[in-house]
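Enquirer: One structure follows; several queries about it will come next.
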Amino acid sequence: DSMLPTLSNGDDILVDTGDTEERLRDGIYVLRMGEGLLVKRVAVDPAGRSVAVISDNAHHPSWPECDAAALSVVGRVLWAGRVLG
């Protein structure tokens, strides 16, 4: 629930795996952390190459200053959908 209200547990997402570190820009990305995957919002600092990795749910941690080169980006989330009802 770290990305609520934007994404909910069980939502389907479409990920562009060609959109990784080289093309990093503001958006929602799938990141590899150790052996796990995280979906997080990424905000690029235009003055440098630092990025903020953000949980949309304020009850979960965010990382305001990360080295962009240290991120392991799987791809950018292009679309999300959920079952209604």
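Enquirer: Determine the sum of side-chain charges near residue 38: Lys and Arg each +1, Asp and Glu each -1, restricted to other residues whose C-beta is under 13 angstrom from that of residue 38.
Expert: Here the count lands on 0.
Enquirer: If I compute solvent accessible area with a 1.4 Å probe over the protein chains, what percent of it on the chain is carbon and sulfur?
Expert: 54
Enquirer: Additional query: Counting heavy atoms of the protein chains only and a 1.4 Å probe, report the per residue accessible area for the chain as a whole number of Å².
Expert: 64
Enquirer: Ok, one more. For the chain, what relative contact order do you get, as a whole percent, if you take Cα pairs closer than 8 Å and at least 6 residues apart?
Expert: 39
Enquirer: Identify which of the listed values of semi-axes √(5λ) of the Cα gyration tensor in Å was calculated from the structure shown: (1) 46, 14, 8; (2) 31, 12, 11; (3) 22, 15, 11.
Expert: (3)
Enquirer: So who's got an amide H within less than 5 Å of the one on residue 15, skipping anything under 5 residues away but keeping other chains? H placed 1.01 Å off N, in plane.
Expert: For residue 15, the qualifying residues are 78.
Enquirer: Listed highest first by mean packing, meaning other Cβ atoms within 10 Å per residue, what order do 64-71, 50-57, 35-42 come in?
Expert: 50-57, 35-42, 64-71
Enquirer: Separate question: Once phi is turned into ³J(HN,Hα) by the Karplus curve 6.51 cos²θ - 1.76 cosθ + 1.60 with θ = phi - 60°, what whole-Hz value does each residue of region 57-63 show in order, with x for glycine and proline?
Expert: Each residue of region 57-63 in turn: 7, 4, 7, 10, x, 10, 10 Hz.
Enquirer: Let me ask something additional. With Cβ to Cβ distances under 11 Å as the rule, what net charge do the other residues near residue 52 carry (K, R +1; D, E -1)?
Expert: So the surrounding residues net to -1.
The values are calculated or read from the model by the stated rules, or taken from the named source; none is laboratory data. These numbers come from a predicted model, not from an experiment. Glycine gets a Cβ as well: all are built from the backbone with ideal geometry, and neighbour counts include every protein chain shown. Protein only, heavy atoms only, side chains kept; ligands, DNA and RNA dropped before computing areas. Shrake-Rupley method; radii C 1.70, N 1.55, O 1.52, S 1.80 Å.
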